Amino acid sequence: YRTLQSLAVNLKSIEDNDQSSNNIISKNEFNFNAAEKEKGNFSNFNISEKTIQKLKARGINFLFPVQYESYNAIYHHKDCIVQARTGTGKTLAFTLPLVEHLQNAGLTHERGRRPQVLIMEPTRELTKQISDDLQSISSDLNIVTIYGGKKYEDQEFGLQRGCDIIVATPGRLQDLINNGKVSLANINHVVLDEVDRMLDMGFKDDVDEILSHAFQAGRAKPQIVMFSATITPWVKQASRKYMSTDTKFEMIDLIKDAREKTATSVQHLAIPIPSYSRANVIDSLMKMYSGNDGRAICFCETKRECDELSVSHEIRTESHVLHGDIPQDKRELVLQRFREGKYRLLITTDVAARGLDVPEVDLVIVTSPPKDLESYIHRSGRTGRAGKAGIAICLFRPNQSIELEAVERRAGIRFKRIQAPKAQDVFMAHASNAAESIEAVSEDVRSNFRTVAEELMKKMAPIDIISAALACISGTSTVPQQQSLSLITKQEDYTTWQMTVSDEFRGPALLYFTLKKILGQDFSGRRICPDVLFTRDKKSAIFELPNKYEAKLIHGWRDTNRMSLKTITKLPEID
């Protein structure tokens, strides 16, 4: 059956590669209407035919809103602040007009020429991504990337040869400026990307110092372009200090006063689980929402948590850890293999939260409610990118409900509370993925298997043949056993209960008191069922008990007008 599975997957890959660029981009175009596509028509902008062909080769057939709203301002040398949701195509929004401006102004290839464009990024990974993006739309420009973890000599050599664009992290760039290895005397364009992130990482003083080198007496000030998902006080202060205050300035706000600040194409889900169940649940979520070849990113609060999940035997998906302790060359290799699909799950800290070029991420998992709004905006922005539908799932402990609600209020979203997938849910997801693989096989290939198929039909009913093929393709050899699992923690031999009162619960005290009356004075609710959830109206408490208590609880319980009890197989709407 492995051969059959491999054949179906390989055939799907071949067919995908044979599609035209229009078909490649069709998923990206899914959520853009005709009016938006017309606004982004290449003919509306000063873009060379050569560049248009390069864009189409990448499957880009029109500009996205953040790109067409900001193109003319950046191309015509205006200072601007662009505020847009994460995952909307911000990288191309500044790389494309700057490349076209440089090429139309005329390029020289003089050795030792000084750079005209400076792009600052908060992380090493972003500098490499931006450089690759620039190279993909212009082969005539010399781009030098400057970041920590790379040999000084290599970066200095690139500068000595002469360059047109520098893409850098502030810390390493400041080192080279102080050592006299970089001159910003000819800089005409400065882009500060992910400004809020740079401030979070403590680069404020470095950025101010670097900008002071680009502003020199006796020459026109450079164009300043800032991209940020949120407008911080420093951004406002810097705009007054470095930007024009006349018609040469534009504020381009694609978020405006919209209540929902996260990417609009993302479905936000939340699952209540204790910490010790995370690995098992993450593995199930991968199978449920990423299919056979989808990719996901799991964000953790700490490097230790990343390491623990990465070595867990419960996560069977091909995965790798990525955080600040991973050497730079290894990090780049991990990211490359993730893009290629060799790793399907990236377990990471915030190092990958902003702007990395990881296409078609189907799922984002956050292992606990983030401590700040911006963190969740950027983390959930890794899915649902560029118009594609995506899913972001936040795992939370029952005692973290208040933290989850705080994220909802500030981000203007509503998490749909769901229960962790059951074995049967995962089984059905496998079956659906297998069916998609069968549908992807072309007629030419199917015809080569008809002789064997006809022989099978003499022995088995068609429905049984298809069912067996689905089982083989999905790699399923046994039927999942129906186990008694808690809906909250997914523990075996536990049952989930719902206690409802006519008034409302003000905490678990009433629940524990009632259970102790029935199960005996030795029963400790806080020890045996510490994870208690409450419905939004506070009228019901959801808890779990080991099955050994079931008979005694049923025997001793009597529903009244004020209080009722039942077992449940599906979580209600949780607070």
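Data overview
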read-out: Options Phe505, Phe513: the member that is assigned to a loop (DSSP other than H, G, I, E, B) and free of Cβ contacts under 8 Å to residues at least 60 places away in the same chain; value: Phe505
read-out: Leu211 being hydrophobic (A, V, I, L, M, F, W, C), touching a Ser or Thr at 6+ places or on another chain (Cβ under 7 Å), in the same structural domain as Leu134 (by TED's automatic domain parsing) and crowded, with 17+ Cβ neighbours inside 10 Å; value: no
read-out: Members of the stretch 516-543 that are in contact with a Leu (Cβ under 8 Å, 6 or more places away or on another chain) and part of a helix (DSSP H, G or I); value: Ile518, Leu519, Gly525, Ile528
read-out: Tabulated pairs, the stretch 84-97, first surrounded by fewer than 23 Cβ atoms within 10 Å (Cβ to Cβ), second part of a loop (DSSP other than H, G, I, E, B) and at pLDDT 85 or above, C-beta under 6 angstrom, 6+ apart or interchain; value: Gly89/Phe64
read-out: Those residues of the stretch 36-57 which are assigned to a loop (DSSP other than H, G, I, E, B), of a type outside the set (Gly, Ala, Ser) and closer than 17 Å to Leu98 by Cβ, in sequence order; value: Phe45, Asn46, Ile47
read-out: Of residues in the stretch 34-49 being free of Cβ contacts under 8 Å to residues at least 12 places away in the same chain and aliphatic (A, V, I, L, M), the one farthest from Tyr71 (Cα to Cα); value: Ala34
read-out: Residues (among the acidic types (Asp, Glu), surrounded by 15 or more Cβ atoms within 10 Å (Cβ to Cβ) and within 25 Å of Ala270 (Cα to Cα)) located in the stretch 532-575; value: Glu544, Asp575
read-out: Tally, over the stretch 407-418, of residues that are over 17 Å from Thr367 (Cβ atoms) and either exposed (fewer than 14 other Cβ atoms within 10 Å of the Cβ) or touching a residue at least 12 places away in the same chain (Cβ under 8 Å) (or both); value: 7
read-out: Leading residue by the ranking (nearest to Asn104 (Cα to Cα)) among those in the stretch 119-175 that are in a helix (DSSP H, G or I) and of a type in the set (A, V, I, L, M); value: Ile137
read-out: Residue match in the stretch 32-47 (condition: outside the structural domain of Glu100 (by TED's automatic domain parsing) and modelled with pLDDT under 50); value: no
read-out: Candidate set: the stretch 132-168, residues that are within 16 Å of Glu121 (Cα to Cα) and of a type in the set (Asp, Glu); chosen: the one surrounded by the fewest Cβ atoms within 10 Å (Cβ to Cβ); value: Asp132
read-out: Subset of the stretch 504-544 that is among the acidic types (Asp, Glu) and within 41 Å of the chain's Cα centre (by Cα) - its residue that is nearest to Gln400 (Cα to Cα); value: Asp531
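The values are calculated or read from the model by the stated rules, or taken from the named source; none is laboratory data. Because the structure is predicted, anything quoted here is derived from the model rather than measured. Don't worry about glycine lacking a Cβ; one is built from the backbone with ideal geometry, like all the others, and counts go over all protein chains shown.
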